[in-house]
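Heads up, the thing below is written out as structure tokens.
Taken together, the values in this text are just the output of simple stated rules run on the coordinates, not laboratory data. What you are looking at is a predicted structure, and each value in this text was computed from that prediction instead of being measured. Every residue, glycine as well, gets a Cβ built from its backbone with ideal geometry; the counts of neighbours run over all protein chains shown.
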Amino acid sequence: MAEHATGIRVDVHGSGEANVETGIPVLDRLLERLAEAARFDLVLEVEPGEAEAEVTAAGAALGEALAGPLRAPGARGHGSAFMPSSEALAHVALEVSDAPLVVSNVDLTEARIGGLGTDVARRFLERLADEAGLTMHVRLLNGKDTQHVLDAMFKALGVALAQACETKGDARG
């Protein structure tokens, strides 16, 4: 199964502007939330195909694009954030690692997200971690509504990634 994005551009020193077209509207919205929370400017277009391939392509493309900024000279290389979305509260902690890994207590395998019967978020996070070289822990502290859970997770991921990409003297108020 081929997976590839037809275009990606990430500016980790942006303002949170996003133009995302993965072919899966719910994933597009989640990546827009991530970019907004991180204040990354993100342009991502995934070549149309099977939905599961589009999810993995989006995760791989973003991971590849962030691998450099995460390892830039003086980059912090780690981040941690709690973010809410209505009743949901999620925490993401991550660090650059030579042994990529995603550990999560969030199980959305039974949820139908964007018409898909698989855990779209887990698949995306695993590809992102693999390509960026990250150890990532995702914790849901509260929340039952699937959309709120996903929003909180992706917002927390955005803030943690922004922290990890910061370089000395780069703190954004």
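For the stretch 1-72, what does the equivalent ellipsoid look like in terms of its semi-axes, each the square root of 5 times an eigenvalue of the Cα gyration tensor, given largest first in whole Å?
Working through the eigenvalues yields semi-axes of 20, 14, 8 Å.
DSSP beta bridges fully contained in the chain are about 75 percent antiparallel. In order along the stretch 8-22, the Karplus-derived 3J(HN,Hα) couplings, from 6.51 cos²θ - 1.76 cosθ + 1.60 at θ = phi - 60°, round to 8, 9, 10, 10, 6, 10, x, 10, x, 6, 9, 9, 10, 9, 9 Hz, and Gly and Pro are given as x. Altogether, the Stokes-Einstein calculation at 10 °C and 1.306 mPa s, with the Kirkwood radius of the stretch 50-101 over Cα pairs as Rh, returns a diffusion coefficient of 119 µm²/s. Taking R0 as 41 Å, what FRET efficiency do you get between THR146 and ARG9 from their Cβ-Cβ distance, rounded to the nearest 0.05? Approximately 0.90, to the nearest 0.05. In this Cβ point-charge picture (+1 for Lys and Arg, -1 for Asp and Glu), the chain has a dipole of about 640 debye about its Cα centre.
Residues within the reach of a label modelled at ASN19 (point 7 angstrom out along Cα to beta-carbon, backbone nitrogen below 12 Å), restricted to the stretch 130-173: there are none. Global dimensions of the chain from alpha-carbon coordinates: Rg and Dmax equal 14.6, 44 Å.
Each of ARG71 and THR167 was given a label point 7 Å from its Cα along the Cα-to-Cβ line. The distance between the two points is 1.6 nm.
Going by a ≥ b ≥ c, the root eigenvalues of the Cα gyration tensor, does the stretch 26-115 fall in the rounded group (a/c under 1.5), the prolate group (a/b larger than b/c) or the oblate group? Note, shape of the stretch 26-115 comes out oblate. Does a label point 7 Å from the Cα of GLU52, set along Cα-to-beta-carbon, have any residues of the stretch 120-136 with amide nitrogen under 14 Å, and which are they? The answer is 120-124, whose backbone nitrogens lie closer than 14 Å to the label point. Placing unit charges on the Cβ atoms of the charged side chains and taking the dipole of the stretch 5-165 about its Cα centre, the candidate lying farthest along the positive direction among LEU101, LEU128, ALA160 is ALA160.
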